[in-house]
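Here is the structure we will look at, set down as structure tokens.
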Amino acid sequence: MSYDGSLQVFDSLPPNLVPDEEAFPSWSNKADNAWLLMAATLVGLQSVPGLVILYGSMVKRKWAVNSAFMALYAFAAVLICWVFWAHNMAFGTYLVPLLGKPKASLTGKFLLAQYGQSYIPRVDFVYYQFVFAAITVILLAGSLLGRMNFYAWMMFVPMWLTLSYTIGAFTIWTHAGFLTSRIIDYAGGFVIHLSSGVAGFTAAYWVGPRTSEDRQNFPPNNIIHMLGGAGFLWLGWTGFNGGAPFEAGNIASLAIFNTHLCTATSLLVWLSLDLVVYRKSSVIGAVQGMMCGLVCITPGAGLVDPWAAVIMGAMSGSIPWYTMMVLHRRSAFFQSVDDTLGVFHTHAVAGFLGGVLSGLFAKPKLLEMMYGTDMDFGTGLLYGFIEGKMGRGFKQMGFQIIGAAFITVWNVIVTSLICILIGRIVDLRMNEEDLEIGDDAAHGEEAYALWGDGERTRIPRLHINPSLPSFCRRRLTIPMAKQEMRP
């Protein structure tokens, strides 16, 4: 029996080993396919339920439902936008130097074809990149918790995905982007983390602050659940960085190992600084240190040696700690913007730091294994010094800084324009009365069946006058029968 005209298969093979050209094409590798599907699902679990749990438990009790729901909504909205137009804007046919042609990714012919030179169907790639896009928007939301109008958030998600995220992905990750083959960004230090941190901080400026009471007193409502959400993030990062090569090989294994090594180091360094300075170990601080380590290693996870991952962990546990715990409190600029969960420090600062350190520690051999010999990457500055190629090392470091500058400037401008536009349609920030109440005012629901913390006397949902959202300007209500009214 012949297969694909070249491979001889004996009739004695078990039925499960006999290849089927339609169901399992000759170019497809079952191991790579299975691994990428698993990796993508792990990344998806970081968002749902990971960040849903983390956000819902890390905020004040009266904001638990709203915060968790912002994450859940974004995950669903991004998927619809992604398959109808955004995927091809980010990874499709060249349109302009900044993005590809918008086009749906829904046909079987498109999805089941081979993806590039990889041994996987394109549908795996579409799914994998979707969960990356979704978590980027959800991370951004961490800067806006506790006051953003949910209707404004519903508009913000598709607009920011379309006008900001797709541009970063296209310019750095696709073969047609003007920064492709110049920026070392293994799994999204710039495209995902720097962009979410900068965009979140920018949006927080336009949305405005929480109430003064919430800014001064915003304790987590459930630290144990917060740790559970953080656990989803940490272990889910196995797929985040391990899936980036799109194959189950040595680079994936090294990336996973480096990810956990850097994260553990970062957590311990952050914890140590808390102990030395504040004389207490902070659980929230440990989660922030964990997050910074995960972010910092991302742009170079499969491209640096483990000893470099330890150094990156030490720096990600100390530099963002300083910017968040010292610089933020002393700077009038940082104090003027209410970044609820400190996303600027854990993602923008740590993402930029990881990008620069990747430009320093990226190993030429690993770059070649990951990207091939036809790519125009330089070499890590350290190896440029060792190998006598300082020019290439400095050139690569320069490109890293240019890439960070482009992502930063683009996100500041585009996020500002999006917020200004939405602000002309609906209020970006909830009104003061609703801010005092929280979840009950935003959704008519509460996380816990307890009283206090600002809630007004509950009116059963069946006895609430239905009304259109406030952004419709003209508020229409449906009167209720007198016998249904309650005092």
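The values are calculated or read from the model by the stated rules, or taken from the named source; none is laboratory data. What you see is a predicted model; the values in this text were computed from it and never measured. Cβ: placed from backbone, ideal geometry, glycine included. Neighbour counts: every protein chain shown.
Points to keep in mind about this one:
- Residues satisfying the stated conditions in the stretch 242-269, i.e. within 23 Å of Ile53 (Cα to Cα) and touching a Cys at 6+ places or on another chain (Cβ under 7 Å): Ser266
- Some residue of the stretch 163-181 being in contact with a His (Cβ under 8 Å, 6 or more places away or on another chain), over 22 Å from Val131 (Cβ atoms) and of a type outside the set (S, T, N, Q): no
- Residues (among the hydroxyl-bearing types (Ser, Thr, Tyr) and modelled with pLDDT of 90 or more) located in the stretch 359-404: Tyr383
- Residue in the stretch 344-360 that is β-branched (Val, Ile, Thr) and not in a helix (DSSP H, G or I) present: no
- Tallying residues that are in contact (Cβ under 8 Å) with a residue 24 or more places away in the chain and more than 25 Å from the chain's Cα centre (by Cα) within the stretch 397-425 yields 1.
- A single member of Gly200, Gly302, Gly289 is touching a residue at least 12 places away in the same chain (Cβ under 8 Å), buried (at least 24 other Cβ atoms within 10 Å of the Cβ) and not in a helix (DSSP H, G or I), and it is Gly302.
- Set side by side, the residues Leu327, Leu294 differ, and just one is crowded, with 19+ Cβ neighbours inside 10 Å and in the same structural domain as Ala404 (by TED's automatic domain parsing), which is Leu294.
Residues checked against (1) at pLDDT 95 or above; (2) closer than 28 Å to Leu179 by Cα:
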| residue | (1), (2) |
| --- | --- |
| Val52 | yes, no |
| Arg61 | no, no |
| Ala71 | yes, no |
| Ala77 | yes, no |
| Cys81 | yes, yes |
| Phe84 | yes, yes |
| His87 | yes, yes |
| Gly92 | no, yes |
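- Matching residues in the stretch 81-126 - criterion: being among the polar types (S, T, N, Q) and not in a loop (DSSP other than H, G, I, E, B): Asn88, Gln114
- Only one entry in Ile420, Ile402, Ile407, Ile425 is β-branched (Val, Ile, Thr), at negative phi and not in a helix (DSSP H, G or I), namely Ile425.
- Residue check for Ser318: touching a residue at least 40 places away in the same chain (Cβ under 8 Å) and surrounded by fewer than 24 Cβ atoms within 10 Å (Cβ to Cβ): yes
- Residues that are basic (Lys, Arg) and either without any contact (Cβ under 8 Å) to a residue 12 or more places away in the chain or not assigned by TED's automatic domain parsing to the domain that holds Thr174 (or both), drawn from the stretch 330-375: Arg330, Lys365
- Residue within the stretch 173-188 that is under 19 Å from the mean Cα position of the chain (by Cα) and at positive phi present: yes
- Residue in the stretch 181-191 that is buried (at least 24 other Cβ atoms within 10 Å of the Cβ), in contact with a Cys (Cβ under 7 Å, 6 or more places away or on another chain) and assigned to a helix (DSSP H, G or I) present: no
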